[in-house]
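Structure first, commentary second.
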Amino acid sequence: MAEIVVTAGRGRERHGSGYRVHTGWILTSAQLLDGAQEATVWVGLGSHSMWTSPALVALASDRADVALLKLTGVAFGFCSPPAYGTLTQQAAPVPFTALGYTGLRISGTVKAPSDDRGDTLELAVDPLPAGCMNTRPDRWPWEGMSGAAVWHDDLLIGLVGGAHRGTDGPGHLTVTPVDRWYALLTASELDLLHEHAGLPPSPTGRISLAALPENLPLHELDGLVTALTLLPCVSDRNGLALVLDSIDPVISAMSPRSPALRPDVFGIVRTCLRYRGTLDQLLEAIRLVEGESVGVVRMDQEAVELSRRHR
C-alpha cells in the first residue's frame, strides 16, 4: 500500500492511495492524478522501512479510472504482482476490504452487477467509527481512499476512484471493476498493465503456453507447479487421473511419475513442455474439473507470469 502525493496548481497537494503491483510500479486512480504527469510516492506506510520515490505517470485513463505510476527513484525490495479477479453473477453479496494510506480500512459487501455491461461495483460499507470520514458537505467523504485497491478473497477486483463522487456516501461507494478495464482501455494500455502490473491479458486470465521453451529449468516452473499442487483436483490422485485421461495420452505415457505429489506435477508439466499445446490442454482440463475458485485464478495468474517472462 502506498500514499500518492500530487502537486496541483499554486502548490496545493492532493493525497490519495495506491498499491504496489511490481517492484517499481504503483497502481492508483486516474481521478486522483487529474492530468498530472508526475507524483511523489510513499511506500511501506506505518512501518520502519518506509521510503519515498518520485514517479512518472505511465498510464492514466479517465474512462477506466485507473493509472499506473513508474517509480524513478530507488525501489527497495522485490514485489510480485497481485492476483486479479472478477465477480460472477452470484445471488448473494460477498465480502470486500480496502485499505487507504491514512490507515483507514473499510469493509462490507459487494455484489456483481446485474446488467451484462457490469460498468460498476456497488460497495455497501460497514459503519465506521465517528471521525473517520470527512463530513464536510463540500468534500467527498472518501478522500484519501481514492486509488485504494478493493479486495475479495485475496483477489484485486477494483480500485476506489472519484468518478462517482456525486452519488457516493458514508455507507455507499462505487468503483470500476477490473474486468471492465478490458473494454475501456486501449490495447497499448492493457499491454502496459500486463507487463508491469501482472494484469492477465484477458478477463479470464487464459493465455497460451504453447510457445514456452521445452527446456525450462525447474525454478522457472516453481510458481505454476505450486499453484497446481494446491488444487484439490490435482492433489487428489483420482482427480489427477481424471484430468490426465482427458488430455493427449502421450502425457500419461511419457511422464516420469512419482508417488510424491510435487515431483509428480513437475514431471507432468515438464513432459507437457515437450509436446506443444498439451500444457494448455492440462490447464483447461483443470479449469473444467475444478470449476471457478481462488485456486484456479492463482493458477492462471502464475501462467500469465510464466508467459510474460518468456515472451
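The set of residues in region 2-42 being acidic (Asp, Glu) and either in a strand (DSSP E or B) or more than 13 Å from Gly161 (Cα to Cα) (or both) consists of Glu3, Glu13, Glu38. Looking across region 274-286 at every residue that is in a helix (DSSP H, G or I) and surrounded by fewer than 17 Cβ atoms within 10 Å (Cβ to Cβ), the one that is farthest from the chain's Cα centre (by Cα) is identified as Arg274. Given the criterion small (Gly, Ala, Ser) and at pLDDT below 90, identify the matching residue among Ser188, Ser202. Matching residue, one of Ser188, Ser202: Ser202.
The values are calculated or read from the model by the stated rules, or taken from the named source; none is laboratory data. Everything numeric here is computed off the predicted structure, so don't read it as measured data. Cβ coordinates were reconstructed from backbone atoms using ideal geometry, including for glycine residues, and neighbour counts include every protein chain displayed.
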